[in-house]
């Protein structure tokens, strides 16, 4: 009789040929857990991005809509302007929304004891943290692109478009026989304007940009000139006089002077600026432009300002990853659903970070610390705090004062929300 082994040509595969079967099942479980946590984080993160984008852009959008009503700018041009402002908003929105999403996601898992159940099943804290770290890496790449490339280009393009709109509508802004106050702290009156050349006759100007006492200017004629490269708009006046009365000093004084020609810098609305503000600002420059300016600059403080700007861009790019690492232990620390307390913690820590960043920026610009040191101190402090809390949770330990603070914060926000939802 033939042995059994020779009778069966295709024996059924065994579930476990070795330890590899157990590893396959464990990998499948890990992937499912990762996808589950990823969903728990992503949903509140995206929702927070939509809400905070709407809140942050509304104030700016209202200013742009005012241009449609008062200055006749088309809706298409307004939307075009608006798109160039989005990188500036998303540099703040992305880290904050991700931080809030992680706090809410892990807060819910912790409040419903799912974290305890997963740990009891042998899932380590490092596995639970993987989705948050991956999202943090994605956020870092996006914010890095925004800070290094998209934001400076967007701001510069925004300034150019505003200048182009102001330049194209300057003749309609200054109307003859009317006191025109569309300029910042500047009132212009002209008796007549040539429709072809734009030359103005018999001009009166009240300039209050230098203080409470206005500077009065009279001129026989004038014309507006623009410089697209420097984003500068100048009213060139000819044959006139300047009158200025100084008030508030120990003895009032009156000054008068005649001129053959005089150039007055104009500023149309809040988006324009005069004189020294019309030059391209450092936060509008690309990295290559900043490096070229540093090489040709001699003033030490100006060099520090530009070097601080460079370091700040790279420093801000790391915020999503740091907030992701910090958010996991803080989210697990939550004792309830974590939505109200999660928002408070996210807002508080974000404000603390930007307060540290502002202080570091000042220290770098003033030369108190080297810019490459100053601008990384807030990141180092936040990263150290995140690693410390992470290691405590990995060892199944926690800070009792932080747990009590988290509980009271959640409780306070629960009461506030309940009070607001209570029918009057």
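The values are calculated or read from the model by the stated rules, or taken from the named source; none is laboratory data. Since this is a predicted model, take the numbers as computed values, not measurements. Every residue, glycine among them, receives a Cβ derived from its backbone with ideal geometry; neighbour counts consider all protein chains shown.
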Quiz item: Quick check: is even one residue across the range 147-160 at pLDDT below 85 and assigned to a strand (DSSP E or B)?
Solution: no
Quiz item: Of the residues 134, 86, 128, which single one is under 15 Å from the mean Cα position of the chain (by Cα) and either modelled with pLDDT of 80 or more or assigned by TED's automatic domain parsing to the domain that holds residue 318 (or both)?
Solution: 86
Quiz prompt | Search result, residues across the range 365-391 that are touching a residue at least 40 places away in the same chain (Cβ under 8 Å), in a helix (DSSP H, G or I) and farther than 17 Å from residue 320 by Cβ | solution = 365, 371, 372, 374, 389
Quiz item: Would the range 291-310 turn up any residue that is outside the structural domain of residue 371 (by TED's automatic domain parsing), under 25 Å from residue 95 (Cα atoms), assigned to a helix (DSSP H, G or I) and at pLDDT 90 or above?
Solution: no
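Okay, residues lined up against (1) crowded, with 18+ Cβ neighbours inside 10 Å; (2) in contact (Cβ under 8 Å) with a residue 60 or more places away in the chain; (3) in contact with a helix residue (DSSP H, G or I) (Cβ under 9 Å, 6 or more places away or on another chain):
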position: 116; (1), (2), (3): no, no, yes
position: 122; (1), (2), (3): no, no, yes
position: 129; (1), (2), (3): yes, yes, yes
position: 132; (1), (2), (3): yes, yes, yes
position: 136; (1), (2), (3): yes, yes, yes
position: 140; (1), (2), (3): yes, yes, yes
position: 143; (1), (2), (3): yes, yes, yes
position: 148; (1), (2), (3): no, yes, yes
position: 154; (1), (2), (3): yes, yes, yes
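Would you mind stating whether residue 77 is out of contact with any helix residue (DSSP H, G or I) (no Cβ under 9 Å at 6 or more places or on another chain) and at pLDDT below 90? Show your work before the answer.
Values: out of contact with any helix residue (DSSP H, G or I) (no Cβ under 9 Å at 6 or more places or on another chain): no; at pLDDT below 90: yes.
Answer is no for this residue.
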Quiz item: Mind checking whether some residue in the range 252-271 is under 30 Å from residue 148 (Cβ atoms), in contact with a helix residue (DSSP H, G or I) (Cβ under 6 Å, 6 or more places away or on another chain) and either in a loop (DSSP other than H, G, I, E, B) or at pLDDT 75 or above (or both)?
Solution: yes
Quiz item: If we scan the range 63-70, do we find a residue that is at pLDDT 80 or above, surrounded by fewer than 17 Cβ atoms within 10 Å (Cβ to Cβ) and touching a helix residue (DSSP H, G or I) at 6+ places or on another chain (Cβ under 7 Å)?
Solution: no
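For (1) exposed (fewer than 10 other Cβ atoms within 10 Å of the Cβ); (2) within 39 Å of the chain's Cα centre (by Cα); (3) at pLDDT below 70; (4) farther than 22 Å from residue 120 by Cα, each residue gets a yes or a no:
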| position | (1), (2), (3), (4) |
| --- | --- |
| 11 | yes, no, yes, yes |
| 14 | yes, no, yes, yes |
| 18 | yes, no, yes, yes |
| 23 | no, no, yes, no |
| 26 | no, no, yes, no |
| 42 | no, yes, no, yes |
| 48 | no, yes, no, yes |
| 51 | no, yes, no, yes |
| 56 | no, yes, no, yes |
